[in-house]
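Since the structure comes first, as structure tokens, the remarks are kept for the end.
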Amino acid sequence: MNLDFSQIVPYIPFILKGIGATLQFVSVSIIIGLFLGIILALFKIMKKPILRWFADAYTSIFRGTPLILQLWIIYFAVPQLSGYDISAFLSAVLAFGLNSAAYVSEIIRAGILAVDKGQTEAAEALGVPYKSMMANIILPQAIKNILPALMNEFITLTKESALVATIGYLDLMRRAQIVGADLYRNFEPLLIAGVIYWVMVFVLTKIGRMLERRLRKSD
């Protein structure tokens, strides 16, 4: 086998810097996706048809089109229409955050609907305002039930983050590609990138299981 990791050693610090770049935009995307996902989920269960229609249309569009297409539209097409350039980081955050919101909204909606209706009826009978009921009674119970699904979405987002290499963002994958092109050896840097992605996903999985155990103990 034509493998020589010795040539990769000087490039390892350069590749490792991609971890911070990847986690930076993924973390912001997760926050945006979670925030918008909660709003969309609430829209979907409200009695106002216009809000339900908007949330359903949003979900249909972002779940029905490829993530890389959404990323390229924001990075390449929007500047054409607006006349303003968008940085690779902002494009990545918007594309991944907006895409994640569509999936998170469905997860949260299912979690809310899974909460015993008696909780809602009791809160309404006691005169608890809708916002307070959702924030303090319904959503906390829903989050406990859907935490595994949410963690799975965040793990998927972390793996799919490699797509930002296509717009030149210096994430982990892009740096591995640069090293491969510089050395004319692609297997070694891509293998290193793959191991790093696996470690990140492994750590996220462990964190998710730890949170699940803590939530069970708090019941």
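The values are calculated or read from the model by the stated rules, or taken from the named source; none is laboratory data. Bear in mind that the values here come from a model prediction, so they are computed numbers and not experimental data. As a convention, Cβ positions derive from the backbone with ideal geometry for all residues, glycine included, and neighbour counts pool all protein chains shown.
What the table shows:
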| item | result |
| --- | --- |
| Candidates L150, L157, L139 - the one that is closer than 24 Å to K44 by Cα, hydrophobic (A, V, I, L, M, F, W, C) and in contact with a Ser or Thr (Cβ under 6 Å, 6 or more places away or on another chain) | L157 |
| Checking T65 against (1) modelled with pLDDT of 95 or more; (2) within 22 Å of V195 (Cα to Cα); (3) of a type in the set (V, I, T), the condition it does not meet | (2) |
| Filter result for F14 (within 25 Å of I146 (Cα to Cα), aromatic (F, W, Y) and either surrounded by 15 or more Cβ atoms within 10 Å (Cβ to Cβ) or in contact (Cβ under 8 Å) with a residue 12 or more places away in the chain (or both)) | no |
| Failed item in (1) free of Cβ contacts under 8 Å to residues at least 40 places away in the same chain; (2) closer than 30 Å to R216 by Cα, with W53 passing the rest | (2) |
| Flag for A114 being exposed (fewer than 13 other Cβ atoms within 10 Å of the Cβ) and touching a residue at least 12 places away in the same chain (Cβ under 8 Å) | yes |
| Checklist (1) closer than 30 Å to W198 by Cβ; (2) surrounded by fewer than 20 Cβ atoms within 10 Å (Cβ to Cβ); (3) of a type in the set (S, T, N, Q) applied to T120, failing item | (1) |
| Any chance N136 is free of Cβ contacts under 8 Å to residues at least 24 places away in the same chain and under 30 Å from S6 (Cα atoms) | no |
| The one condition in (1) under 14 Å from the mean Cα position of the chain (by Cα); (2) within 29 Å of I137 (Cα to Cα) that M46 fails to fulfil | (1) |
| Positions within the range 178-203 being buried (at least 16 other Cβ atoms within 10 Å of the Cβ) and either in contact with a Pro (Cβ under 7 Å, 6 or more places away or on another chain) or not in a loop (DSSP other than H, G, I, E, B) (or both), in sequence order | I178, V179, G180, E188, P189, I192, A193, I196, Y197, M200 |
| Test: residue in the range 2-20 that is modelled with pLDDT under 90, farther than 28 Å from I196 by Cα and not in a helix (DSSP H, G or I) | no |
| Some residue of the range 25-40 being touching a helix residue (DSSP H, G or I) at 6+ places or on another chain (Cβ under 6 Å) and under 16 Å from G168 (Cβ atoms) | yes |
